[in-house]
Structure formats: C-alpha cells, structure tokens
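These notes are about the structure you will find just below.
The values are calculated or read from the model by the stated rules, or taken from the named source; none is laboratory data. On a predicted model such as this, the values are computed, not experimentally measured, just so you know. Note that each Cβ is placed from the backbone with ideal geometry, even for glycine, and that neighbours are counted across all protein chains shown.
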Amino acid sequence: MRKKKSNQKKSFIKYSDCGTIDLVYRVKGRGFKLTVMILAALVMTLLLCYSGAGVDTELDGKAKDILISRVQVDAYDTAAAELKRKEAAEKAAKEEVKVSEEVKELKEERKKSSEDIKESTTSIKKAYLTFDDGPSSNTDRILDILDEYNVKGNFFVIGRFSDAYKDQYRRIIDEGHVIGMHSYSHIYTEIYASADAFTADLNHVQYVIYDVTGYAPNIYRFPGGSSNLVSPVSMLEFIDILDKRGIVYYDWNVNSGDADTSLLGKQQIIDNVFTGIKALDSPEERNEVMILFHDLAQKTTTVEALPAVIEGLQAQGYVIAPIDDYTKKIQYPNVE
Ligand code: ZN
C-alpha cells in the first residue's frame, strides 16, 4: 500500500522580532500559486509587524511628550516656586523697611517729645524758694503762705527731731513741698572734720527724716555752701561721698541775706532778692534762680517778706517751683 502523501503535513510557529506570532504552513508538492500566497502572507505579516513598530514608536513619542511635559511642569513648578519665594522675600523686605521706618518715626517722636520737655523746662523762668535750717516755730507760717499762693517750696532741714517739730517735717512732705538734707548737727567743725564724720552726720539726718516721714531725701545743701572756707578737708571729698550715693547738692545763686547776724527789715530782704536776680550775669542764669532763705525762729522778717517776694517773682514771669530732676544743678564752680 502506497503511503499517502500529505500536502499539508507540517506546520510550525514562528515568533517574529516584533512579538507577533506567525503561523507558517509548510507546503509540499503544491504549485507556485500556493508559494506566492505564502509569500504574500509573509509580506502582510512584515507589513503588520512594521505597522506594529510604528504604533510603538508613536507610543514612545507620546511617552516622550508626556515626559517633556512633566519636565516642563516640574520646571514650571520650580520657576513658580522661585517666583513665589522671590515675591515673599520682597514682601518681607518691604515689611522690614516699613517696620524699620515705623521704629525710626517712633524714635524721632520720642526725641522730639524729650526735646519739647527740655524746651518747656528751659523756656519757663523758674524760681526755687529754699529754706535752710528748719524746722522752726516759723515753719507753719511759711507753709501757710506757700499754700495761700499755691506754690511749692524747698526745705533743707537739719536734725531737730523733738516731738514739737515732727509734725512740721511731715507737713512739708504731705503738702507736696520738697525736703532736702542740710546736715544733722549743723555744727561745721563736726561735720567737716573728716570724711567719716561727714558720712555719719549724713546717715543720721537721712535716717531720721525717713523715720519720721517715711521718705528718704536725695538732695543736700552743704552748711555754708559747697564753697565754704570753714572745712579743713577738701569739699571735693564730701561731694564725692554724695555722688556715690546718688545725692545731688544745690547751692544758690540769689541770697536774701536773711542770715545776717542782725535782723534785716522785711523790705531789705525783698530788695536783696530782686537786686540779686538782676545782678546775675546772663539771661540763662536769670531764667532759673535758687533763692536762699532761712527757716529759723528769730528770722521773722523772712516770713513777712515772703508774700511780696512771691508776688514780685510771679510779676516777672517766674514759676515758683519745687526742685525736681529737671532743675538746673546750681552749684558753685571751682570748689576746692
Ligand atoms: Zn544752714
């Protein structure tokens, strides 16, 4: 028996480069026509493969486009962030400038207001009525007159702390006048004997004023003034002691002369005050006068002269003032 020949005996699968599966039939013993058909099929397969590769390329292109877009977006984001950062930095810089301008304005305002205070304190003529050596039996009368004129005085008191005078110390404070120290003993030879003696006397007077009034004074008037020729020790030593304790001392630039051994008449005291002001060298000095009076029992004419002195000063445009931080430090020059 003849073995029957098959014209389609075998088939196999071919994997193309482009990943498609081509089923190829091997043909045997058939004509050219079939071969052409097979060739055509192959061509078709190649074409399909080519077109498949085209899709891939297209996809690749799109992916590339997406990638480019993403890079562009990223770049845009980076640029936008940089722009925002710059804008924020510029805004912050502007704010900083604004704040620093505001601070500058505030500083200028403060400077101006402090200059205004200085101007107002220097342009007003001020007279300080100072009373040394009290309290005395005249203190209440002096305080009554000051109250009547609604002006404030300055009392450089000594240590006269018997019960009879305690009320006067308190009244000086309570009625808004200034209390300063003028030593405890008022005995020159004791106070100025040495730095230690001066310090002990200073402590004493400051303590008892505090004890009686609850107020520790921080201004001082040297008995005899800072230029006195009585002290055997340099006055600079005592000034140094005061400086170290933050105590300011005041001399005077107008003297009523009421410390004269003889009792001056009321009019003499008034005249001394106004001729004393007139005798001051410059308008600046005349703008701030510190007048020396005494609050002593025997100095009755001082009390009598006081109303006319106050009225005369006010008529000349003076404000009768208490000593404060703005008061010119009226101190004698060339103290030795
Ligand atoms: Zn005195």
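Filter region 213-222 for residues that are of a type in the set (A, V, I, L, M, F, W, C) and within 15 Å of the ligand (Cβ to nearest atom); which is surrounded by the fewest Cβ atoms within 10 Å (Cβ to Cβ)? Checked region 213-222; the qualifying residue surrounded by the fewest Cβ atoms within 10 Å (Cβ to Cβ) is Ile219. Just wondering, is there one or more residues in region 298-313 that are modelled with pLDDT under 95 and either within 16 Å of the ligand (Cβ to nearest atom) or farther than 25 Å from Gly159 by Cβ (or both)? No, that holds for no residue.
If we scan region 133-145, do we find a residue that is of a type in the set (Ser, Thr, Tyr), in the same structural domain as Ser256 (by TED's automatic domain parsing) and on the phi > 0 side of the Ramachandran plot? Within region 133-145, none of the residues are of a type in the set (Ser, Thr, Tyr), in the same structural domain as Ser256 (by TED's automatic domain parsing) and on the phi > 0 side of the Ramachandran plot. Scanning region 223-248 for residues that are in a helix (DSSP H, G or I) and crowded, with 18+ Cβ neighbours inside 10 Å yields Met235, Phe238, Leu242. Here region 267-278 is the region considered, the condition is being of a type outside the set (Phe, Trp, Tyr) and surrounded by fewer than 18 Cβ atoms within 10 Å (Cβ to Cβ), and the residue that is nearest to the ligand (Cβ to nearest atom) is Gln268.
The residue that is modelled with the highest pLDDT, among those in region 102-149 that are within 21 Å of Thr327 (Cα to Cα) and of a type in the set (S, T, N, Q), is Thr130. When we screen Arg171, Arg160 for residues that are under 21 Å from Leu129 (Cβ atoms) and modelled with pLDDT under 95, the only hit is Arg160. Does Val289 count as crowded, with 18+ Cβ neighbours inside 10 Å, outside any helix (DSSP H, G or I) and more than 16 Å from the ligand (Cβ to nearest atom)? In short, yes.
Pick from region 128-162 the residues that are within 13 Å of the ligand (Cβ to nearest atom) and assigned to a strand (DSSP E or B): which of them is farthest from Val309 (Cα to Cα)? Only one residue fits best here, namely Val157. Summed over region 172-206, the residues that are closer than 21 Å to Thr139 by Cα, away from the ligand (no atom under 15 Å from the Cβ) and surrounded by fewer than 21 Cβ atoms within 10 Å (Cβ to Cβ) give a count of 6. If you check Asp281 against the conditions, is it within 16 Å of the ligand (Cβ to nearest atom) and more than 17 Å from Thr327 (Cβ to Cβ)? Spelling it out, it is not the case that Asp281 is within 16 Å of the ligand (Cβ to nearest atom) and more than 17 Å from Thr327 (Cβ to Cβ).
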